[in-house]
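Notes follow once the structure below has been shown.
No lab work stands behind these numbers, since they all come straight from the coordinates. Model, not experiment: these values are computed from the prediction. All Cβ positions, even for glycine, are placed from backbone atoms using ideal geometry, and neighbour counts span all protein chains on display.
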């Protein structure tokens, strides 16, 4: 299971899925901004206690957990590497906070990507007066980044079947082993891009400036509540961190 799957849309009928993409965009941006404001363990754990129930409401908790499990090696590397090299007074506590911040940041954005279809994102950006060409490019990237991740894993399996030892050797050897993966992935990506370009040209992409949609997105009361609530949380946290300061118990650190 690739950690990129937390950025792949899942078609479900939940409270979070039924929200307008624009309200979820505001919520994800605000929550990710709040996550970046902290470098302490306790506030980041509080953030996760807020984010995980939202993932649960979207019925994607198991998928999120498996993706975080696949990210475990990177998190361990961050903790070990920063603990050994960090000049902080409590290096392990600082390194653990970095890992928690990465998890909180990815979880904040995964709420958006797991529950917003790429076509809805394109439509939402268009209704926000964003040029359709840019909106289409963003939706295509959102659609195909997880696909490229799966293709990368398929290429790795194919190279292992040919006898390429990707997981052995020192760091330099492992970096060199990336080449048999990157080169085929670039070729596959170029072929895919050419195929998409030909398909877009055959369908007359750009021939008509005004776009029409079968269903138009509407910003309902619940969407206003989510967007305004997210902005208020961001404003309150910014004010507290910049002018008031966190309570002492929230700045608690491990003694090593």
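Just a few scattered comments:
- Computed label-point distance, nm, for sites residue 154 and residue 78 using a 7 Å Cα→Cβ extension: 3.0 nm
- Placing dummy labels 7 Å off each Cα toward the beta-carbon, the span from residue 241 to residue 186 is 3.8 nm.
- Radius of gyration over Kirkwood radius for the stretch 138-256, both on Cα atoms: the Rg/Rh ratio is 1.19.
- Between 227, 135, 207, the Gaussian network model of the chain with springs among Cα atoms under 10 angstrom shows the greatest mean-square fluctuation at 207.
- Estimated [θ] at 222 nm from DSSP helical runs (n ≥ 4, -39500 (n - 2.57)) normalised by residues in the chain, nearest 500: -22500 deg cm²/dmol
- Overall form of the stretch 1-83 per C-alpha gyration tensor (a/c, 1.5; a/b vs b/c): oblate
- Taking 12 Å as the cut-off, the amide N atoms of the stretch 18-59 that come nearer than this to a point 7 Å along the Cα-to-beta-carbon line of residue 12 belong to 18, 53-59.
- Max mean-square fluctuation residue, GNM over the chain, Cα-Cα springs under 10 Å, options 157, 223, 40: 157
- Prolate/oblate/rounded label for the stretch 42-110 (Cα gyration tensor, a/c 1.5): oblate
- With Cα atoms as the point set, the stretch 1-148 shows a radius of gyration and Dmax of 16.6, 50 Å.
- Simple spin-label estimate for residue 162 and residue 212 in nanometres, 7 Å along Cα-Cβ: 5.0 nm
- Pairwise FRET efficiency - residue 133 versus residue 48, Cβ, R0 = 35 Å, nearest 0.05: 0.40
- For the stretch 100-204, the gyration tensor built on C-alpha atoms gives an oblate shape. Its axis ratio a/c (a ≥ b ≥ c) is at least 1.5, and a/b is not larger than b/c.
- Residue order, fewest to most surrounding Cβ atoms within 10 angstrom, among 59, 176: 176, 59
- Across the chain, Cα-Cα distances exceeding 32 Å account for 37% of all pairs.
- Highest-fluctuation residue, 136, 112, 205 considered, GNM on the chain with Cα pairs under 10 Å: 205
- The ranking of 20, 13 from fewest to most other beta carbons within 10 Å of each one's beta carbon is 13, 20.
- Among 129, 160, sorting on how many other beta-carbon atoms sit within 10 Å of each Cβ, with the fewest leading, yields 129, 160.
- Each part gets one Cα centre, and for the stretch 142-208 versus the stretch 1-78 those centres are 26 Å apart.
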